[in-house]
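Beneath this line is the structure, given in structure tokens, with notes to follow.
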Amino acid sequence: MATAQTPAMADLHSGEHGHDQASPGEIAIGVIIGRTSEFFDFFVFAIASVIVFPRLVFPFASELTGTLYSFMIFALAFMARPIGTVIFMTVDRAYGKTAKLISALFLLGTATVALAFLPGYHDIGVAAIWLLALARIAQGLAWGGAWDGMASLLALNAPASQRGWYAMVPQLGAPLGLIVASALFAYFAGNLSAEDFFDWGWRYPFFVAFAINVVALFARLRMVTTEEYSSLFETRELQPARISETVAREGQNIMLGAFAPLASFALFHMVTVFPLSWVFLFTRESPVRFLIIEIVAAVFGVGAIVASGIIADRVGRKSLLMGSAIAIAIYSGFAPQLLDAGAFGETIYMVIGFILLGLSFGQSSGAIASNFKQAYRYTASALTSDMAWLFGAGFAPLVALLLATNLGVIASGAYLLSGAFWTLLALWLSGQREAGDMDAGTQATSRGQE
């Protein structure tokens, strides 16, 4: 796939250090487009899990039970994602990144658009549940394959004094995807009758998700398939290693990397999916109004993510993550009660939550990645991301809703508190390992991403 060379690209083959001169800004564009499309798919399904699927697929259950069932299916993607990584890393080794991305994003687009045609329980009975679960598993497998290594490439090509700044770039996709998904659902739910919305209106965001996936596919292929970027992946040793070998060599660092961002990943769903379900189930407020609150709060989240890059470059990424985890632990003790305090309380809950999320989530990607040996960084980073989402976010809406309905909404804060604990513990253990490595004279393997 041909593309014009930028000056930065032309420099790749000029001089001894040409590969270090690739434009981080150009890489950042591809990263943002790819991550926004993935998070848009993510939030379209998440919102539908609260306001559509309980009624469409689980009409035989109460609203609460139907939502819990939906959240169980929601979690399937996170369980399938590591399996997708294994499958598509094999494709990458055998056929290259182009084949991997095309097949993964084709699967993602097919699974997403298939949901737009999902029949209800009243139409085909229990088969509707199986089809929903199958599509969700397919999405999870595809997300595992959609890992393109661009975020790692961006981090490696970022100036040493701006690594925190460039580390936050991929994370912008989360609030941007939420803003677009929430706006679409708010528009259709607010402008259609309830009957029309549940009949056909909710399906349109899934069509839009498919279209965005197509655009994102070509945008990412445009970069990954060029000779210049292929050379960058090779010289940076961002090549797929065997899963078994990667786990054997980097297993401890993968687990530390998975637990290090748990505070931000737990908070991720506590300010997106869970509060929407609580408001929808236990208040008389319109979900449309709360979706608008989410959009406003997500804008604050964008600003906080950008701020995290500036702060991290001044105080260090791990220092910011530790400070954010402590702040999230404090937030967990009082914030859930705000959901029962009406519109003003909900707004405060969401805005403060998104600010904390932006500061922590903005630097959570690859907090331990600098510990990986270069030969395993590509595969180990993908597995770390899979495990972090599984442990920190996959079951968050389900656990939080169960705690809130059985023990009171304040109990949902326990999930946040546990995430903060594991983050602090993982960062402390990581520091201990790095100190041990330097004492052993191997500081070169862990240098650079602070």
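A short reminder: the numbers here are calculations on the coordinates, not readings from a lab. Everything quoted here is computed from the prediction, not taken from an experiment. Cβ: placed from backbone, ideal geometry, glycine included. Neighbour counts: every protein chain shown.
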So, over other residues within a Cβ distance under 15 Å of Ser244, counting Lys, Arg +1 and Asp, Glu -1, the net charge is +1
Roughly how compact is region 173-299, stated as its Cα Rg over 2.2 N^0.38 Å to two decimals?
1.48
Would you mind computing Rg(Cα) / (2.2 N^0.38 Å) for region 295-399, counting N as its residues?
1.21
Using each residue's phi in region 305-318, evaluate 6.51 cos²θ - 1.76 cosθ + 1.60 at θ = phi - 60° and report the 3J(HN,Hα) Karplus result to the nearest Hz, with x for Gly and Pro.
5, 4, 4, 4, x, 5, 5, 4, 5, 9, 10, x, 5, 5
Going by Cα centres, region 27-90 and region 251-280 are how many Å apart?
14
With θ set to phi - 60°, apply the Karplus curve 6.51 cos²θ - 1.76 cosθ + 1.60 along region 198-205 and write out the HN-Hα couplings as whole Hz, x wherever there is a Gly or Pro.
6, 7, 9, x, 5, 6, 4, x
For 49-60, 275-286, ranked highest to lowest by mean beta-carbon neighbours within 10 Å, the order is 49-60, 275-286
Whole-percent pair-distance distribution, where bins are 5 Å wide, for the alpha carbons of region 228-320
3, 9, 11, 13, 13, 14, 14, 10, 7, 4, 2, 0
Take the alpha carbon gyration tensor of region 239-293, find the square roots of its eigenvalues, order them as a ≥ b ≥ c, and report rounded if a/c is under 1.5; if not, report prolate when a/b exceeds b/c, else oblate.
prolate
Global form of region 366-430, assessed from the alpha-carbon gyration tensor, a/c cut-off 1.5:
oblate
Rounded, prolate or oblate (a/c below 1.5 giving rounded, otherwise prolate when a/b exceeds b/c) for region 104-194 by Cα gyration tensor:
oblate
Name the long-range amide H neighbours of Val271: under 5 Å, sequence gap of 5 or more, or other chain; modelled H, no Pro or chain starts.
none
Cα-based Rg (one decimal) and Dmax (whole number) for region 280-342, in Å?
15.4, 45
In the neighborhood of Phe344, defined by Cβ-to-Cβ distances under 13 Å, what is the net charge if each Lys or Arg adds +1 and each Asp or Glu adds -1?
-2
For region 45-51, Karplus-derived ³J(HN,Hα) couplings (6.51, -1.76, 1.60; θ = phi - 60°; whole Hz; x for glycine and proline) come out as 5, 4, 5, 5, 5, 9, 9
Cβ-Cβ cut-off under 13 Å around Ala181, Lys and Arg +1, Asp and Glu -1: the net charge is -3
